[in-house]
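Trainee: Here you go, one structure.
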Amino acid sequence: MLVERNSLRQMFRAFLGWIPMLVLTIPFYLLVFVIVGNWALSMFMPADIARAYAWIVGSVGLLIFALAYLRYVSNLLGAYVLKLENDVLCVEGSPGWRLVKRALPLGSIDRIVIGDTFTKIDQIVTVTQGGKSSLLGEIKAGTLVFFPKNEKPFKMVFADKAFNRESLEVFLLNLRSRGLCVEVSA
């Protein structure tokens, strides 16, 4: 049994709630790229000319960086695989800096948790923001955490965006019917 992945369009549509934050961060990153562009250009030309071209260089640099980052995220989420073959759970993906490629027999898994718990730092950030943690809550809620019995737990961040929701629910219900503990974190 294989969990269906979302199409690229569905993955990016799942991130539409992040647009307000993105709009607010664009001026900051544009300024950073303009400052770096000004610094780099001032090494090769007079300062007043460098300042004039720094906005163009900074804008183009930000655009290239944004497109590269979108490609990185789409490749990251597109590489997620979650399947069950002959009572062996196969998990593949890259939920961070390292590649996860595990084949775990169902008997070696203690539990699977949907949603990650808030750490102390997450709780402090939530309090300092006046309790508004919708973005952080969304990230935590979409995480699948696997707890093997004799190994360190590992996560699949943004699993709710990478996989088709109905297919993921059917898959997890199938695992629960086979006796595996599937929990939902509060």
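The values are calculated or read from the model by the stated rules, or taken from the named source; none is laboratory data. Please read all numbers here as calculations on a predicted model, not as lab measurements. Note that each Cβ is placed from the backbone with ideal geometry, even for glycine, and that neighbours are counted across all protein chains shown. Keep in mind that these areas ignore ligands, DNA and RNA; they rest on the heavy atoms of the full protein, side chains included. Shrake-Rupley method; radii C 1.70, N 1.55, O 1.52, S 1.80 Å.
Trainee: Which order, highest average first, do 101-111, 28-38 follow once you tally other Cβ atoms within 10 Å for each residue and take the mean per peptide? Walk me through the numbers before you get to the answer.
Mentor: Values: 101-111: 13.5, 28-38: 15.5.
Highest mean packing first, the order is 28-38, 101-111.
Trainee: Cα-based Rg of the stretch 1-103 per 2.2 N^0.38 Å, rounded to two decimals?
Mentor: Taking N as the residue count of the stretch 1-103, the ratio is 1.58.
Trainee: Starting from the Cα-Cα distance between Lys149 and Leu67, subtract it from 0.36 nm times their residue separation and give me the gain in nm to one decimal. Intermediate values should be presented prior to the final figure.
Mentor: Working: separation 82, 0.36 × 82 = 29.52 nm, distance 4.02 nm.
Length gained, Lys149 through Leu67: 25.5 nm.
Trainee: Leaving out ligands and nucleic acids, note down the accessible area per residue over the stretch 1-95 with a 1.4 angstrom probe, in whole Å².
Mentor: Values: 6450 Å² over 95 residues.
Accessible area per residue, the stretch 1-95: 68 Å².
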